[in-house]
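*Asks:* If you scroll down you'll find the structure; I have some questions about it.
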């Protein structure tokens with residue numbers, strides 16, 4: 001099952017395409033406003049409701065949308081709560097849009113780190129953060145991810161839990177063959193897919209895998 005979560009950050013016009021084959025649509029608080037602007041209604045609204053306009057909240061309640069309210073003193077962001085709710089609903093593919101941009105850099109970084117949470121970083125779940133032609137996922141030690149992009153698309157690999165050891169790539173211009181990527185260094189920045197389908201694996205540690213479609217060839 002595919003779930004799409006709409007958070008309250010900046011959204012790209014292309015993000016609407018993520019909803020086309022969604023089985024479940026969740027709004028994380030203010031994300032409901034973007035959906036309303038698109039003429040769409042979420043199945044579930046999650047959050048402390050401190051950012052959604054009161055009139056929209058009342059309208060969604062009247063439409064029978066499932067609303068899950070949380071205290072403003074909660075210990076998780078609205079986006080994180082929405083991801084947890086999607087997992088609980090049985091979603092195996094989760095796409096988070098509206099997670100990047102906006103005025104709060106701390107929220108943006110926290111949303112990016114959601115991709116690395118061990119709670120859903122498993123073969124049975126795939127969490128992607130998408131904005132326009134950019135997709136972010138994580139791969140941990142002992143695992144591999146197949147890349148979505150086509151020839152010419154950019155791929156950046158960033159270690160996020162200390163050094164990543166035994167990084168291997170297939171189909172990329174600048175090949176890695178079991179080498180380390182050091183935390184805080186930029187060696188993994190701006191690689192390029194040459195021979196799709198491409199892939200990345202890592203023996204130890206964790207990488208953020210950031211794909212940017214340069215020519216619209218990515219899936």
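Nothing in this text is a laboratory measurement; each read-out follows from the coordinates by a stated rule. For clarity, every value in this text was computed on a predicted model and none was experimentally measured. Cβ sites come from the backbone with ideal geometry, for glycine too, and all protein chains shown count toward neighbours.
*Asks:* Where is the GNM fluctuation largest for the chain (alpha-carbon springs, 10 angstrom cutoff): 150, 64, 162?
*Replies:* Per the Cα network of the chain with a 10 Å cutoff, 64 tops the list.
*Asks:* So if I take the centroid of the Cα atoms in segment 99-138 and the same for segment 49-71, what is the distance between those two points in Å?
*Replies:* Cα centroid of segment 99-138 versus Cα centroid of segment 49-71: 24 Å apart.
*Asks:* Still on this structure, I have one more. So for the chain: antiparallel DSSP bridges make up what percent, rounded to the nearest 5? Present the calculation step by step, with values, prior to reporting the outcome.
*Replies:* On the way: 31 of 52 bridges.
Percentage antiparallel, nearest 5: 60.
*Asks:* Which whole-number percent is the relative contact order of segment 1-99 (Cα, under 8 Å, 6+ apart)? Let's see the in-between values first.
*Replies:* Values: 177 pairs, mean separation 40.1, N = 99.
Relative contact order here is 40 percent.
*Asks:* So between residue 61 and residue 182, what do we pick up on full extension, going 0.36 nm a residue minus the alpha carbon distance? Could the numbers behind the result be given before it?
*Replies:* Working: separation 121, 0.36 × 121 = 43.56 nm, distance 4.89 nm.
Value of the extension gain: 38.7 nm.
*Asks:* Rounded, prolate or oblate: which one fits segment 1-98, using the alpha carbon gyration tensor with axes a ≥ b ≥ c (rounded when a/c is under 1.5, else prolate when a/b beats b/c, else oblate)?
*Replies:* It comes out rounded by the Cα gyration axes.
*Asks:* Something else: Would you mind checking the tilt of helix 78-88 against the longest principal axis of the Cα atoms of the chain, expressed as 0 to 90 degrees and rounded to 10?
*Replies:* Tilt of helix 78-88: around 80 degrees.
*Asks:* Given points 7 Å out from each Cα along the Cα-Cβ axis, report the residue 68 to residue 110 separation in nanometres with one decimal.
*Replies:* Going from the residue 68 label point to the residue 110 one covers 1.7 nm.
*Asks:* Hey, how many Å between the Cα centroid of segment 1-18 and the Cα centroid of segment 177-199?
*Replies:* 27
*Asks:* Have a look at the DSSP beta bridges in segment 2-132 and tell me what percent are antiparallel, nearest 5.
*Replies:* 5
*Asks:* Right, something else. To the nearest 10 degrees, how steep is helix 105-114 against the longest Cα principal axis of the chain, on a 0 to 90 scale?
*Replies:* Long axis of 105-114 versus the principal axis of the chain: about 70 degrees.
*Asks:* Taking only DSSP H segments of four or more residues, each worth -39500 (n - 2.57), what value at 222 nm results for the chain once the sum is divided by all its residues, to the nearest 500 deg cm²/dmol?
*Replies:* Only helices count here, giving -5000 deg cm²/dmol.
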